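Encoded as structure tokens, the structure appears first; notes follow it.
The values are calculated or read from the model by the stated rules, or taken from the named source; none is laboratory data. Since the model is a prediction, treat every value here as computed from it, not as a measurement. All Cβ positions, glycine included, derive from the backbone under ideal geometry; neighbour counts span all protein chains shown. Note: accessible area is taken over every heavy atom of the protein model, side chains too, but ligands, DNA and RNA are not part of it. Shrake-Rupley method; radii C 1.70, N 1.55, O 1.52, S 1.80 Å.
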Amino acid sequence: MISGSAAGRAVAIAEPLETGIAYTVPQAGVTVESIRVRTPEASGRPGKQPKNIRQRVLRRLRGLLIEKQGTESRVAFVENDQPIQYYLPTDRLRMSGIVAQNQPFEMDEVEIQVNDGVPIVGYRFRPSARPSDSFVDSIDLDEERKQKRALIFKKFGKAKS
Amino acid sequence: MKSESKNEPSSSRSSGKLRVDFYESGDGETILITFPHGGLGIVDGHPTPHGGRPPIADLTAGKHIHFVCLSHPHADHGVDLIPVVESHPDIESFWHSTSDVEAFIYCITETDNYPSPVRQFVHDLKRGWAEFLVDLYGAVAKRNLDVRQLHSNVKPIQVDGVTLYILSPEELVKNRFVQTYRERAAGRLKRLPDPNLLSTVLALRYGSSVLLLGSDALKDNWSSATRRYRESKLPRALLLKVPHHGASNALLIHPRRGVANYLDLCSRDPRPKAVLFAGDAKHPSPEVYQTLRARADVCCLSNGLAGQTAVANPLGIAIPGARAVTLSRVCNPMISFEFDENGGFVQHTGVGCEVCPTAPR
């Protein structure tokens, strides 16, 4: 059995595919992690051809987890500097370690082609930071709201019922 | 705080009716209660992006407001209360359920964030919520309005012949928030409990008629609210504002024996009316909606299950279940009921799901 990382080796990444499908330009610096290739001898199935797996990233979206709502999670993708909110299956995020509120992540849309078969599109999630990387971020209020907050502290700080 | 005896009617003639108007409000909620002598109570307020109803300033103009109530500290229930509190000339008091407002506001002006390219978007999302609360409570403070904090140990409140029972939140829940404030003040990074737990559940009793306004109360809230409802010996409710936009985390669909859900508080004969605000495409839960339809006459301001033809997916993400957060279809711009003291009621505006052509089947 031959095994090992395919990054930059036998697996062709970002090779143009001659299928007539319009693809986006792949992004630089993308590698495929831990693909295993099994030889015909080791597989025990005579006559089976070695797989030629080609994989490339079609696009990469950046996002953040807003909140988990049971089996679905509310996320925001940032596209053209605008957040677009989406529901995604919670399991897909959780299995990739995206579990904390506000945790940032990347989602790659990946095209995979095995031998000369029809390319299929899949998605790969990757947290951009671990839950333990979080820090407390203070919301900066403008001057008018700072004054309102001072008024709130004055009124509600003493008037408890 | 004003005494209840000062809670006088705004006109000398009583209509003998209690009217409740529900206004379509995008993904939020707006409820106006007109008391027998014409004074108003406002429970939550949020503008509509669809333009199908007048602005809240027009709805409240020239009327005495007994109370403005923020049922819990979420923007979808309170954005439209800001202009009312800022400029309406005749407001008697402001009601809310937020415990230790100053500590709560301090907590929400801090958020967990991460070093990443989307850091600013996290910041902006949280800033919107913080600004909403600062604007609303700032207006209350500036006008020095009479403030009443609501929780389930508050005695029933009399307003113009109507008794309002506060069934939620429990003080225990409020204490969980206070404990979190303390831990954060001590430098420990502890997340606030779900603010929906602060939801004020109101039961309005007018003679033998009862209306139940469920805010965004969750299952936890209802386990005690149902008990308090029964302890108060209230007749079963004729009208229910469905809690939390019909979400599954508010309704025990198959409760254990001896455990009640909010539908158990509703009348059986006559069949109750259930009013649903479900302004985003994720609400209501299909299972909750089916349960509601089986038990009540459902009328929707908006319904995420209604007339769905295609899933919004502007980014073209081909993951099963992936879809953009979008607003629901508007079913009724306004739904109105009028109750008398003898348990009679009339629906003036709005159609129910049984005759609505876009209602989910």
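Here is how the numbers come out for the structure above:
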quantity	calculated
Of all residues making up the range B:42-77, the number that are open to solvent by less than 10 Å² (accessible area, probe 1.4 Å) and out of contact with any strand residue (DSSP E or B) (no Cβ under 8 Å at 6 or more places or on another chain)	1
Subset tally (residues that are open to solvent by less than 60 Å² (accessible area, probe 1.4 Å) and modelled with pLDDT of 95 or more) for the range A:134-148	2
Matching residues in the range B:144-160 - criterion: being surrounded by 16 or more Cβ atoms within 10 Å (Cβ to Cβ) and not hydrophobic (A, V, I, L, M, F, W, C)	B:Asp146, B:Arg148, B:Gln149, B:His151, B:Ser152, B:Asp160
Top-ranked residue of the range B:83-108 - restricted to ones that are in contact with a Ser or Thr (Cβ under 7 Å, 6 or more places away or on another chain) and free of Cβ contacts under 8 Å to residues at least 60 places away in the same chain, ranked as farthest from A:Phe135 (Cα to Cα)	B:His88
Strands (runs of 3 or more DSSP E) contained in the range B:265-341 and holding at least 2 residues open to solvent by 10 Å² or more (accessible area, probe 1.4 Å)	B:334-339
Matching strands (runs of 3 or more DSSP E) fully within the range B:162-215 where at least 1 residues are of a type in the set (A, V, I, L, M, F, W, C), crowded, with 19+ Cβ neighbours inside 10 Å and without any contact (Cβ under 8 Å) to a residue 24 or more places away in the chain	none
Options B:Lys155, B:Lys126; residue that is part of a loop (DSSP other than H, G, I, E, B) and free of Cβ contacts under 8 Å to residues at least 40 places away in the same chain	B:Lys155
Qualifying residue in the range A:93-101 (condition: surrounded by 15 or more Cβ atoms within 10 Å (Cβ to Cβ), at the interface with chain B (Cβ under 7 Å from one of its Cβ atoms), farther than 22 Å from B:Ala312 by Cα and modelled with pLDDT under 95)	yes
Candidate set: the range B:221-245, residues that are in a loop (DSSP other than H, G, I, E, B) and either in contact with a Leu (Cβ under 9 Å, 6 or more places away or on another chain) or farther than 21 Å from B:Pro270 by Cα (or both); chosen: the one most open to solvent (accessible area, probe 1.4 Å)	B:Arg236
Residue match in the range B:311-330 (condition: among the polar types (S, T, N, Q) and over 15 Å from B:Ala247 (Cα atoms))	yes
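Results for (1) facing chain B (nearest Cβ under 9 Å); (2) more than 22 Å from B:Val325 (Cα to Cα); (3) among the basic types (Lys, Arg), shown as yes or no for each residue.
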| position | (1), (2), (3) |
| --- | --- |
| A:Gln85 | yes, no, no |
| A:Asp91 | no, no, no |
| A:Phe105 | yes, no, no |
| A:Gly117 | no, yes, no |
| A:Ile120 | no, yes, no |
| A:Arg124 | no, no, yes |
| A:Leu141 | yes, yes, no |
